[in-house]
Amino acid sequence: MISPQELKTIAEIPKEEYVLKCTSACAGCSDSLAIRYVLKAAGSDTVLVVPACCTSVIQGTYPNTAFNIPVYNIAFGAAAACASGMSNAFRAAGKKTNIIVYAGDGGTLDIGIQAMSGAFERGTDFLYICYDNEAYGNTGMQRSGATPMGARTTTTPTGKIDAKKDIDAIIAAHNPPYMATAAAAYPQDLFKKVQKALTFRGPSFIHVLAPCPPGWRFSTEKTVEMGKLAVKSGMWILYEREFGKLSINPQSKAAMKRPIPLEEYLAPQGRFKGIDPKALETLKQHLAKNIKKLSAEEAEE
Amino acid sequence: MKKIATGNKAVAEAVKQVQPAVVAAYPITPQTEIVEQIAEFVSTGELKSRYIPVESEHSAMAACIGASITGIRTFTATSSHGLLYMHEMTNWAAGARLPIVMANVNRSIGPGWNIWAEHTDAMQERDTGWLQVYVSTVQEAYDATLMAFRIAEHNDVLLPVMVNLDGFSLSHIMQPLDTIEIGDFIPPMYLPHAIDPKNPAGYGGLTGPDQHFKFRWDIERSMRDSVKIIDETEKDFAGRFGRKYGFTEDYQCDDADVVVVSMGTLGKEAEVAIDLLRKEGVRAGSMRLRWFRPFPKLNLKGKEVVVIDRDYSFGFGGVLAKSIQAQHKMNVFSVIAGLGGQEVTYDDIADFIRKRRIGEEFWFGVNDHV
């Protein structure tokens, strides 16, 4: 494994593939893009624990699997608890195997939050990655706690009226040694953060924005572009917290100073088509408030 | 070593003897004493397990699943609502073919809150693929817990085992306990499908109808095979340690005209009732069912049968009575008694037998008379 600091260009990312060809992912899927880099960063001595989510599906159907590392699939609300048992068992046997939970936003913010909170509170030695496509994608885009205000889903046909749950603040309240945000659109950054997270003992968390073409209703070639627009608009801020100390990525620092208009991020997405002007205004207020809050936190340190 | 212990302590003593690598558990009355005792053993170093103090029973079973799939021994304990809360995960444990051992202290289910003995909690787990044994004494709680590990881990079984003991009437009563050194009675655990990064595989992913169907049959095949393994294990246990167990504990059944069938502590109460009836000249016997899954073939030919259910399946009947009726195509006198910890004495049981009405169902303490 190369150390996170050494990686200068994307060409240095290892050539080994742990997500093989023939996944059953949708075209333009950023879940499969993200997991490809997560596993390149983690290497072969890794076990993935996956609750019900899109990743349960993209592995393919028994007896085939597109993943070249062990994947333990578990019920929707149980990933973090299952991983905490696995982590304890491997550590008891003196093994350093990376235990990575790779869960969607529903399995993290909603049904899995209790098990996750417990595992973090108990100091479980694992990495929890939430790839966030802001809805229940696997079941056909129903709202989740991660769906942003104003977004239309199959269960919020006129747009979600509630705000997105701030899972990062909830995780931060558990004081993990390491937590970060990332985006599938920035694979080099994701790679570095996964490697860094795995150097810490105890629980670490990475929240990955994963734009979903069929769910968000944009065309499949725009997956990376959507992630970049999210960052440039300040809707998604790339940062990491090491023992509570916040460092914001340079890309996001620039975006926080001069964000592109939010409409540039929302317009290509069918889910925001005809968004209620009041919801749009509230989204903008939330965005500005979040930028202010994170800027203040970083300035404090 | 001879000592005095509660049913809960006996279970913890057995766990200490077996030394599972991981214990994950959550407290619930009347099981709490088991996890407290285990935590105590871990803190003193007598038990070299990793103890995971999970935040729920759902997570307790999920953590046992995650630990067990690495090929190590795991244990948990629960009761009542805790068992129901982990129901999704109990199914997963059996489907994933993991030899997890769990003690369940049988307790009724709310509302209203009632913490006393009833078997309905475990009965609701009967179709999950778990083996279930019901015990009646402190010694049996200890012995059954030891044997549960060997049976679960046998490669012809590889299914989880639940050891059931009645809340309070066994979990909290003190009886003599003879603890043993098990030596090589339980071989080291070998899980053929243990997860291993050197041999990557997918577990529990998408499975089509044909394959899923085969996996279900495979569970049933192992459940059937477990009959032989249970028998072998109990015989070996008797040979080494001198205490005999079987699928049932029969008391004066051979020449009996009428047999009362029950499970758990009521089965011991029933033996006293049989002594009373025998003095009256009634040729009665008691059959205490120990293994409920796999459900054994019972030797009831030519007998009148009274079944005591400490459980109920609403809209259907007492689960044990209905199971026996279905298996033996016979009518029984079905007594529903002891729900929510209702006191049932040997006199009451003797009365059930004396005043039996074969073909009928009777709710003790609710219907006005037998």
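Would you pull out the residues with amide H under 5 Å of residue B:291's amide H, same chain only if 5 or more places away, H placed 1.01 Å from N?
Correct list: B:134.
Which order results if B:26, B:251, B:51 are arranged by neighbouring Cβ count within 10 Å, fewest first?
Arranged by neighbour count, lowest to highest, B:26, B:251, B:51 become B:51, B:251, B:26.
Whose amide H sits under 5 Å from the amide H of residue A:182, counting only residues 5 or more places off or on another chain, with H placed in the peptide plane?
Amide H neighbours of residue A:182: A:207, A:208, A:209.
What are the ³J(HN,Hα) values, in whole Hz, obtained from phi via the Karplus relation 6.51 cos²θ - 1.76 cosθ + 1.60 with θ = phi - 60°, for each residue of the stretch A:224-239 in sequence order, with x given for Gly and Pro?
5, 4, 4, x, 5, 5, 4, 6, 5, 7, x, 5, 10, 10, 8, 7
How shielded is A:111-120 by partner chains, expressed as the average number of their Cβ atoms within 10 Å of its Cβ atoms?
Per-residue shielding by partner chains comes out at 3.
With point charges of +1 on the Cβ of Lys and Arg and -1 on the Cβ of Asp and Glu, referenced to the Cα centre of the protein assembly as shown, which listed residue (A:67, A:78, B:24) lies farthest in the positive direction of the dipole?
A:67
If we sort B:305-314, B:64-73, B:284-293 on the protection proxy, mean other Cβ atoms within 10 Å, highest first, what's the order? Walk me through the numbers before you get to the answer.
On the way: B:305-314: 22.7, B:64-73: 27.5, B:284-293: 24.4.
Output ranking for B:305-314, B:64-73, B:284-293: B:64-73, B:284-293, B:305-314.
Based on the alpha carbons, how large is the Rg to Rh ratio for the protein assembly as shown when Rh follows Kirkwood? Could the numbers behind the result be given before it?
Details: Rg = 28.7 Å, Rh = 27.1 Å.
Here Rg/Rh amounts to 1.06.
For the stretch B:248-363, give the share of DSSP beta bridges that are antiparallel, in percent and rounded to the nearest 5; count only bridges with both residues there.
25 percent
If you filter the stretch A:1-105 for GluC sites (Glu not before Pro), then keep DSSP loop positions with at most 10 other Cβ within 10 Å, what is left?
Numbers: sites: A:6, A:12, A:16, A:17; in loops: A:16, A:17.
For GluC sites (Glu not before Pro) across the stretch A:1-105 that sit outside H, G, I, E and B with at most 10 neighbouring Cβ atoms in 10 Å, the list reads A:16.
Which residue, A:275, A:99, A:35, has the most motion in a Gaussian network model of chain A that connects Cα atoms within less than 10 Å?
Maximum among the listed residues: A:275.
Fewest Cβ neighbours within 10 Å first, please rank B:233, A:61, B:44 accordingly.
Sorted ascending by nearby Cβ count, the order is B:44, A:61, B:233.
Under a plain spin-label model, where a point goes 7 Å from the Cα along Cα-to-Cβ, how far apart in nm are residue B:360 and residue B:211?
Result for the modelled spin labels: 5.6 nm.
What relative contact order, as a whole-number percentage, does chain B give when Cα pairs under 8 Å and 6 or more residues apart are counted? If you can, show how the numbers build up before the last one.
Working: 788 pairs, mean separation 60.0, N = 370.
Relative contact order here is 16 percent.
Say we join alpha carbon atoms closer than 10 Å with springs in a Gaussian network model of chain B; which of B:329, B:244, B:228 then has the biggest fluctuation?
Between B:329, B:244, B:228, it is B:329 that shows the largest mean-square fluctuation.
Looking at the stretch B:138-184, which GluC sites (Glu not before Pro) are DSSP coil and have at most 14 other C-beta atoms within 10 Å of their C-beta?
Here the sparse-neighbourhood loop sites are B:181.
Mind listing the Cα extents of chain A along all three principal axes, in Å, largest one first?
57, 47, 39 Å, listed from the longest principal axis down.
Tell me, in nm to one decimal, what length is gained between residue A:121 and residue A:286 on full extension, where the rule is 0.36 nm per residue of separation less the Cα-Cα distance?
Values: separation 165, 0.36 × 165 = 59.40 nm, distance 2.85 nm.
This chain segment gains 56.6 nm when fully extended.
Round to the nearest 10 and give me the degree value, 0 to 90, for the angle of helix B:265-279's Cα axis relative to the longest principal axis of chain B.
For B:265-279 against chain B, the angle is about 30 degrees.
By count of other Cβ within 10 Å, fewest leading, how are B:339, A:246 ordered? Don't skip to the end; give the middle numbers.
On the way: B:339 22, A:246 17.
Ordered from fewest to most neighbouring Cβ atoms within 10 Å, B:339, A:246 come out as A:246, B:339.
Could you run the Karplus curve 6.51 cos²θ - 1.76 cosθ + 1.60 with θ = phi - 60° over the stretch A:36-44 and give me ³J(HN,Hα) per residue in whole Hz, x for Gly and Pro?
Ordered by residue, 3J(HN,Hα) equals 4, 7, 4, 6, 4, 6, 7, x, 6 Hz.
What share of the DSSP beta bridges in the protein assembly as shown is antiparallel, in percent to the nearest 5?
Restricted to the protein assembly as shown, the bridges split so that about 25 percent are antiparallel.
How high is the relative contact order of chain A? Use alpha-carbon pairs under 8 Å, at least six apart in sequence, and give a whole percent.
RCO, chain A: 17 percent.
Which whole number gives the average, over all residues in B:50-59, of C-beta atoms from other chains lying within 10 Å of the residue C-beta?
6
Distance in nm between label sites at residue B:221 and residue A:299, each 7 Å beyond Cα in the beta-carbon direction?
Simple spin-label model gives 6.9 nm for this pair.
What does the charge count around residue B:154 come to, taking other residues whose C-beta lies under 10 Å from its C-beta (Lys +1, Arg +1, Asp -1, Glu -1)?
Counting the neighbours of residue B:154, the net charge comes to -2.
Counting each DSSP H run of 4 or more residues in chain A as -39500 (n - 2.57), what helix-only mean residue ellipticity at 222 nm follows after dividing by all residues, to the nearest 500 deg cm²/dmol?
Theoretical 222 nm ellipticity from helices: -10500 deg cm²/dmol.
Measure nothing but the geometry: give the 0 to 90° angle between the long axis through the Cα atoms of B:32-44 and the longest principal axis through the Cα atoms of chain B, rounded to 10°.
Helix B:32-44 sits at roughly 40 degrees to that axis.
For the stretch A:10-34, list residues with backbone N below 19 Å from a point placed 7 Å from the Cα of residue A:260 toward its Cβ?
Flagged as within label range: A:30.
Check the straight Cα-Cα distances from residue A:278 and name the lysines below 24 Å, setting aside those fewer than 8 residues away within the same chain.
Counting by Cα, and skipping residues close in sequence, residue A:278 has these lysines nearby: A:160, A:164, A:165, A:232, A:289, A:292, A:293.
In the Gaussian network model of chain B, springs joining C-alpha atoms below 10 Å, which of B:47, B:276, B:98 carries the largest mean-square fluctuation?
Of the options given, B:276 has the highest mean-square fluctuation.
Rounded to whole Å and ordered largest first, report the semi-axes of the equivalent ellipsoid of chain B derived from its Cα gyration tensor (root of 5λ).
Over the Cα atoms of chain B, the semi-axes work out to 34, 22, 20 Å.
Can you give me the C-alpha center-to-center distance between the stretch B:124-190 and the stretch A:238-261, rounded to a whole angstrom?
Here the answer is 55 Å between Cα centres.
Need one value for A:88-99: mean number of C-beta atoms belonging to other chains within 10 Å of its residues' C-beta atoms.
Mean inter-chain Cβ contacts per residue within 10 Å come to 5.
Quick one: Cα centre-to-centre distance for the stretch A:6-75 and the stretch A:88-115, in angstrom?
Result: 16 Å between the Cα centres.
Which FRET efficiency value, to the nearest 0.05, is calculated for residue A:64 and residue B:194 with the Förster distance at 25 angstrom and r the Cβ-Cβ distance?
0.75
Using amide H atoms built in the peptide plane, which far-off residues or other-chain residues are under 5 Å from residue A:61 H to H?
The answer is none.
For the stretch B:7-35 and the stretch B:48-122, write down the distance between their C-alpha centroids in whole Å.
Here the answer is 11 Å between Cα centres.
Treating only the Cβ atoms of Lys and Arg (+1) and Asp and Glu (-1) as charged, compute the dipole magnitude of chain A about its Cα centre; round to the nearest 20 debye.
240 debye
Could you check what % of the DSSP bridge pairs in the stretch B:2-241 are antiparallel, to the nearest 5?
20 percent
Among B:349-358, A:185-194, how do they line up by average Cβ neighbours within 10 Å per residue, starting with the highest?
Ranking the peptides B:349-358, A:185-194 by packing returns A:185-194, B:349-358.
Once label points are set 7 Å from the Cα along Cα→Cβ at both residue B:278 and residue A:166, what is their separation, rounded to one decimal in nm?
7.4 nm
Short version: ³J(HN,Hα) in whole Hz for each residue of the stretch B:157-166, in order, from phi by Karplus 6.51 cos²θ - 1.76 cosθ + 1.60 (θ = phi - 60°), x for Gly and Pro, what are they?
Going residue by residue, I get 10, 6, 10, x, 10, 10, 9, 9, 10, 5 Hz, with x marking Gly and Pro.
For the Cα atoms of chain A, what angle does the longest principal axis make with the long axis of helix A:277-300, in degrees from 0 to 90, nearest 10?
Relative to chain A, helix A:277-300 is tipped by roughly 50 degrees.
Between beta-carbons, use under 11 Å as the cut-off and find the net charge around residue A:158, counting Lys and Arg +1, Asp and Glu -1.
Combined, the nearby Lys, Arg, Asp and Glu give +1.
Values quoted throughout were computed directly from the atomic coordinates according to the rules given, and no laboratory measurement underlies them. Just so you know, these numbers come straight off a predicted model, no measurement behind them. Here Cβ is always computed from backbone atoms with ideal geometry, including for glycine, and neighbour counts include all displayed protein chains.
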